[in-house]
Each structure stands twice: as C-alpha cells, then as structure tokens.
Amino acid sequence: MLGFLVFPLWLMFFIFLLGFFFLVIWIFAIIDCLTSKRNTSEKLLWLFIVFLLNIIGAVIYFVFSKTIRLQKANFKGKKLLRSRKNRIIAGVCGGIGNYLGVDPTAIRLLWALLSIASMGAGILAYIIAWAIMPEEK
C-alpha cells in the first residue's frame, strides 16, 4: 500500500553516480587550476569562479580558461569596445568576445546564465557596461 512512497533504488543509484561524477569534475578543475602555469592572480580568479559556481564554475573553467590563456599575449594595445558587427542589443557581449578572442555567442550564453543565477544583476551590469564602454568606429 505504501509502495509508491518508496524511492526507487535505481533512481537513488543514478543520482548518487551523477553527484559523484560532478564532484570528480569539480575536484579535477581545482587541481588543474592549482597546477597550471598561470600567475597567482589568474589562479585566484579561476578558483574563485570554480568555488563560487561549483559545477557550473568548473565547466566555465574548462571552456574558457584555455582560450583566454592562449589569447592573453594579444591584449597589449587592445581596447575594450562595444562591437558594431556582433551586436544583438548594444554590442557589449560582442565587444567582450572580440577582446578575449572568444565566440560572442558563448559570452552571451554565460551572461544569460549568470543573469538568471544572480536574479537579474547581470541585466544591471549589462546596462552599466552599455553606458561605460565606448563603441568601435
């Protein structure tokens, strides 16, 4: 009679395996960051992202840390400008993508996820960036 209240054993096992998998990825991201050849401030920034956002932070680390590290040498003389070509609303995400050498769609996705996670603070940050960042000529 109370059989519907019993949680299926296979579902509990699946949830346990999924949680264990996420934990392993998270720990691997921390170890990879600590053993990388980045300077201390970059390591602290990535560790802050991984600890703050947990598994999403680990995914962000694996997706963006390699591309940003490879593009770092190209920052000298670069200005952060709003894009005219890669524009959806005001070109803020397109400009950040151009500056970092990352696809602007990935920046937009990340911005949307962080806006949802922060209950709208990303929208306010976008408006501030829109007002502060100059537009490319």
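The values are calculated or read from the model by the stated rules, or taken from the named source; none is laboratory data. Since the structure is predicted, the reported quantities are computational estimates derived from the model, not experimental observations. All Cβ positions, even for glycine, are placed from backbone atoms using ideal geometry, and neighbour counts span all protein chains on display.
Assorted remarks:
- When the residues of the stretch 24-44 are filtered to those that are surrounded by fewer than 13 Cβ atoms within 10 Å (Cβ to Cβ) and assigned to a helix (DSSP H, G or I), the one that is modelled with the lowest pLDDT is Ser41.
- Scanning the stretch 84-132 for residues that are surrounded by 16 or more Cβ atoms within 10 Å (Cβ to Cβ), at pLDDT 85 or above and assigned to a loop (DSSP other than H, G, I, E, B) gives Ala90, Gly91.
- Test: residue in the stretch 7-14 that is closer than 22 Å to Asn98 by Cα, at pLDDT below 80 and in a helix (DSSP H, G or I): no
- Close pairs from the stretch 123-137: first free of Cβ contacts under 8 Å to residues at least 24 places away in the same chain, partner polar (S, T, N, Q) and in a helix (DSSP H, G or I), Cβ under 6 Å, at least 6 apart: Ile123/Ser115
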